[in-house]
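**Student:** Before we start, here is the structure in question, set down as structure tokens.
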Amino acid sequence: MSPSRPIFVSIRIAAPMERVWELTQDPALHARWDVRFSRITPTEPLAGGGTRLVYERHLPGCILTGTGTTIGERERPDGTRTSALRFDSDSRLSPLGAGRGYWRYRPDGDGVVFTTGYDYTPNWGSALDLVVRPLIGWATAWSFDRLRIWAETGTPPERWPLRSALRFWRPERPRAARCGRRPPARRVMDDAPATLRELVHP
């Protein structure tokens, strides 16, 4: 992985756990709120649980593609849920190479604290990653708030295309600033579930 700091994003969503789980674990729904993806397609089950998938990000003039493996934990003794992911891109134009990450769902009263931590090897070198990594972190946080709005209000994420991030006069729009970006005392990847260590490379 890169020597740069892993990406960390956390947000509280005032919605039932099952609703947040559905919007994040269904690949078709996930691709609707997460600006990092245009399409996510499961391809085959993994031995021992989990799924192999392919993903796409459509950009002007090109489509970035990659593969991933993922597994979720829906029932844990402490009441939390987790999802682990390993990914790799087969597009030379992608700034992100091989990586790994996780989602953690923690019950919090009438809502859920939804957190991610992930890291990757930069395809474009460490110098350009100084620009790319903050942008990827911002895109993750902006997407998390778009998910929050969908889960809390029912407003579909298509109501907020990426260009809406520039509409400063709309207080209800998604904002990356609503998310926590500084991890707690533990290192970001130290908080990854054990399933991430066991997950096969895509």
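**Student:** Under a point spin-label approximation (7 Å from Cα along Cα-to-Cβ), what is the residue 41-residue 25 distance to one decimal in nm?
**Tutor:** 2.4
**Student:** What Kirkwood hydrodynamic radius do you get for the chain when you take the inverse of the mean 1/r over all pairs of distinct Cα atoms, in Å?
**Tutor:** One over the average 1/r among Cα pairs gives 17.3 Å for the chain.
**Student:** Now for a different question. Through the Karplus equation 6.51 cos²θ - 1.76 cosθ + 1.60, θ set to phi - 60°, convert the phi angles of segment 73-84 into ³J(HN,Hα) values in whole Hz; use x for Gly and Pro.
**Tutor:** Karplus values, whole Hz, x for Gly and Pro: 10, 8, 10, 10, x, 8, x, 7, 10, 9, 9, 10.
**Student:** Let me ask you something else. Just to confirm a number: summing +1 for Lys and Arg and -1 for Asp and Glu over residues other than residue 19 whose beta-carbon lies under 12 angstrom from that of residue 19, what do you get?
**Tutor:** -4
**Student:** Please state the Cα pair-distance histogram of segment 54-111 with 10 angstrom bins from zero: what percent is in each bin?
**Tutor:** Taking all Cα pairs of segment 54-111, the binned fractions are 20, 36, 24, 17, 3 percent.
**Student:** Take every Cα-Cα pair in segment 154-202 and report what % of them are more than 18 Å apart.
**Tutor:** So the pairs more than 18 Å apart make up 58 percent of the total in segment 154-202.
**Student:** A further question on this structure: Residues of segment 31-47 with the amide nitrogen closer than 20 Å to a label point 7 Å from the Cα of residue 91, along Cα-to-Cβ, please.
**Tutor:** 31-43
**Student:** What Kirkwood Rh does segment 120-202 have if only Cα atoms enter the pairwise 1/r average? Answer in Å.
**Tutor:** Numbers: mean 1/r = 0.0652 Å⁻¹.
That comes to 15.3 Å for segment 120-202.
**Student:** What dipole magnitude, in Debye to the nearest 20, does the chain give about its Cα centre under +1 on Lys/Arg Cβ and -1 on Asp/Glu Cβ?
**Tutor:** Dipole magnitude for the chain comes out near 720 debye.
**Student:** Please report the spacing between the Cα centers of segment 70-127 and segment 4-30 in Å, no decimals.
**Tutor:** 10
**Student:** Another question, if that's okay. Please report the net charge: other residues with Cβ closer than 11 Å to the Cβ of residue 62, K and R +1, D and E -1.
**Tutor:** Result for the neighbourhood of residue 62: +1.
**Student:** Compute the distance in nm between two label points, each set 7 Å from the Cα along the Cα-to-Cβ direction, one at residue 135 and one at residue 152.
**Tutor:** Here the modelled spin labels are 2.9 nm apart.
**Student:** Here is a further query. When ranked by the protection proxy of mean other Cβ atoms within 10 Å per residue, highest first, what sequence do the peptides 156-165, 18-27, 94-103 form?
**Tutor:** Ranking the peptides 156-165, 18-27, 94-103 by packing returns 94-103, 18-27, 156-165.
Computed from the coordinates by the stated procedures, all read-outs in this text should not be read as laboratory data. Keep in mind it's a predicted model, so treat the numbers as computed, not measured. Every residue, glycine among them, receives a Cβ derived from its backbone with ideal geometry; neighbour counts consider all protein chains shown.
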